[in-house]
1. Return an integer: the convex hull volume of the alpha-carbon atoms of region 128-200, in Å³ per residue.
2. With the crude spin-label approximation of a point 7 Å out along Cα→Cβ, what separation in nm comes out for K160 versus N99?
3. Which far-off residues, 5 or more places away or on another chain, put their amide H under 5 Å from the one on L127, with H placed in the peptide plane?
4. Report the charge-dipole magnitude of the chain in Debye, nearest 20, computed about the Cα centre from +1 at each Lys and Arg Cβ and -1 at each Asp and Glu Cβ.
5. Taking Cα pairs under 8 Å and at least six residues apart, what relative contact order does region 70-200 come out at, in percent?
6. How large is log10 of I(q)/I(0) for region 26-182 at q = 0.11, 0.12, 0.15, 0.17 Å⁻¹ when the intensity is taken from the Debye formula with one equal scatterer per alpha-carbon?
7. Pick out, from A17, M98, A72, the residue whose Cα sits farthest towards the positive end of the charge dipole of the chain, with +1 on the Cβ of Lys and Arg and -1 on the Cβ of Asp and Glu.
8. If the limit is 19 Å between Cα atoms, which of K105/K168; K34/K77; K12/K166; K77/K166; K77/K105; K12/K49 go over it?
Amino acid sequence: IYAAVSLMELLKRQRDAYGISLFHESLMLHTAAKSSPMHQRFVYAELEKFFNTYSPTKNSDTHISKALNEVAQSIPKRGMVIVFTDLWSSGENEEDFMNALSHLKHERHEVVIFHLYSRTIEQEFSLDNRPYILVDMETGEELRMLPNEFKSQYIARYEKGISALKLKCGDLAVDFVPLAIEDGYNEVLTRYLLKRQSML
């Protein structure tokens with residue numbers, strides 16, 4: 001949320017219009033692109049409301065492909081679509097995700113995927129070797145485990161999956177930007193500015 005708001009502030013100062021879409025199982029909010037102070041206040045209020053009221057819902061899942069297809073169909077003209085996602089979605093497969101990105105590119109949008117992840121936990125799997133109960137933030141599903149039993153296999157599969165996704169995004173001319181939550185959001189602004197420069 002802070003990263004998205006930082007981009008909005010930058011866009012506002014450049015007098016560029018922006019909209020926002022929030023999604024889970026479906027689009028929860030989708031706004032038109034505007035640049036007015038009233039629009040900014042509305043978007044900020046919606047983000048703050050979401051931040052303060054969000055709670056995991058059992059037996060639900062994020063449907064990113066469905067949301068991206070809906071966004072692709074609803075944006076009236078060529079623009080830049082910036083997606084913040086952790087890429088965790090048990091209800092979809094990679095092919096659905098790539099098809100949704102292809103849809104956005106077919107509509108001539110520039111696309112940037114910011115992959116939000118924890119370097120310590122998700123990438124390096126740096127957990128003490130003691131029993132854990134891992135809880136899915138979206139579905140509430142629980143998994144009991146000892147980290148050392150899974151660490152090497154998990155890291156190998158994680159790295160293989162991310163590398164393959166980067167290559168496929170590259171083939172579509174989609175910018176894939178890993179964004180570790182430990183690093184803050186300076187990288188978001190840097191990547192946006194570089195992308196913006198390349199479009200001019």
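1. Numbers: hull volume 9.8 nm³, N = 73.
Spelled out: Cα convex hull of region 128-200, divided by residues, is 135 Å³.
2. According to this spin-label approximation, the distance is 2.5 nm.
3. Those lying under 5 Å, H to H, from L127: there are none.
4. Numbers: 23 positive and 28 negative charges, 189 e Å.
Dipole size: approximately 900 debye.
5. Values: 129 pairs, mean separation 34.8, N = 131.
Computed over region 70-200, the figure is 27 percent.
6. -0.55, -0.65, -0.99, -1.22
7. After comparing all options, I get A17.
8. On the way: K105/K168 13 Å; K34/K77 13 Å; K12/K166 30 Å; K77/K166 27 Å; K77/K105 12 Å; K12/K49 21 Å.
Cα-Cα > 19 Å for K12/K166; K77/K166; K12/K49; rest within.
Taken together, the values in this text are just the output of simple stated rules run on the coordinates, not laboratory data. Values in this document were obtained by computation on a predicted structure and should not be read as measured data. All Cβ positions, glycine included, derive from the backbone under ideal geometry; neighbour counts span all protein chains shown.
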